[in-house]
Structure formats: C-alpha cells, structure tokens
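Asks: Have a look at the structure that comes next, please.
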Amino acid sequence: MGVKEGRLIFDNLKKVAAYVLSSNVPEIIPFLALIAIKIPVTLTNIMMLVICLGTDIAPAIAIAHEESEDFIMQIPPRTSEDHLITFKLMINAYLIIGIFETIAAYVSFFIYCSRNGFAPWQLVGAGGDFNTINS
C-alpha cells in the first residue's frame, strides 16, 4: 500500500510539473513576438500575473489529487537516477503542449482581432500601438 501511494504521489507530481512548465510557454512567447516582430501584447504584465495566480493553483491541486492509474503497480521500481523533471518531460511540456497552447491562443487572438476590423497582417509590426494601424 505504501509503495502504491509513493508511486501515485510521484506520478501526480510529474503531471503537476508538466502542467506548470507547459503554461510558461504561452506566457513568454507573446513578449518575444512583441520584441521580434512587433505583434501587440494583449495583456499587461499585471493582468498576466493575476491570470496565472488565479488559474494555475486550482488545476494543479486537482491534478495532485488524481486517483492512481490501474497499471501503476506494474511499472518497475525507479532507480536512484530517475528524476522528477526529465528531459522528456521538458520536451513534452515546452515544445509540444506549450507550443500547441500558444498556437491556440494566437489563433483565437487573430480571429477576435479580425472580427473587430484588424487583419492579422496589420497587427504584425504594430508593436502594441493600435493607433499606427491603417484601417
């Protein structure tokens, strides 16, 4: 029973780590896009901080309290070399989930802007100042 609980805790901590790491990518890429190609940032730093604090806590707690998988006792024991954060987890969080979340956010941002009179190509180079866009 203790081994099963230990494996459950480790498994859930890996899930929480993947969730938290993957949410960093869509938070930083809009600022990099502002610097690189001058796409306007839709949220201020304070707004992003409020969203992160308000939306990261509850899902992370829910993930941490998930029930164990049926096959958890069939997994071989971890070695002392196994870590909570692995290269595979970081690749999955940053390059797969994080990029997918970023693309989804940008697609919804461009759809919203185009429905309100701003074509996506008009936003590139606007640099956060919507007054420079020629409608």
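Asks: In region 58-89, what residues are closer than 12 Å to residue 19 by Cβ and not charged (D, E, K, R)?
Replies: Within region 58-89, 58, 59, 60, 61, 62, 63, 64, 89 meet the criteria.
Asks: Looking at region 13-48 only, could you name the residues that are out of contact with any Phe, Trp or Tyr (no Cβ under 8 Å at 6 or more places or on another chain), under 13 Å from residue 94 (Cβ atoms), surrounded by fewer than 16 Cβ atoms within 10 Å (Cβ to Cβ) and in contact (Cβ under 8 Å) with a residue 12 or more places away in the chain?
Replies: The one that is out of contact with any Phe, Trp or Tyr (no Cβ under 8 Å at 6 or more places or on another chain), under 13 Å from residue 94 (Cβ atoms), surrounded by fewer than 16 Cβ atoms within 10 Å (Cβ to Cβ) and in contact (Cβ under 8 Å) with a residue 12 or more places away in the chain: 20.
Asks: While we're here: Being at pLDDT below 85 and farther than 22 Å from residue 97 by Cα is the filter here, so list the residues in region 3-35 that pass it.
Replies: Matches in region 3-35: 35 only.
Asks: Residues of region 1-56 being in contact with a Pro (Cβ under 9 Å, 6 or more places away or on another chain), outside any helix (DSSP H, G or I) and hydrophobic (A, V, I, L, M, F, W, C), which ones?
Replies: Result: 39, 41, 43.
Asks: Pairs needed: first member in region 100-112, free of Cβ contacts under 8 Å to residues at least 40 places away in the same chain; second member anywhere, assigned to a helix (DSSP H, G or I) and of a type outside the set (A, V, I, L, M); C-beta distance under 7 Å; at least 6 residues apart or different chains.
Replies: Close Cβ pairs (under 7 Å, with a partner that is assigned to a helix (DSSP H, G or I) and of a type outside the set (A, V, I, L, M)) amount to 110/120.
Asks: Now for a different question. Please indicate, with yes or no, whether at least one residue in region 115-122 is over 25 Å from the mean Cα position of the chain (by Cα), in a loop (DSSP other than H, G, I, E, B), hydrophobic (A, V, I, L, M, F, W, C) and loosely packed, with under 10 Cβ neighbours inside 10 Å.
Replies: no
The values are calculated or read from the model by the stated rules, or taken from the named source; none is laboratory data. Everything numeric in this text was worked out from a predicted model, so none of it was measured. With ideal geometry, Cβ positions are generated from the backbone for all residues, glycine too; neighbour counts draw on all protein chains shown.
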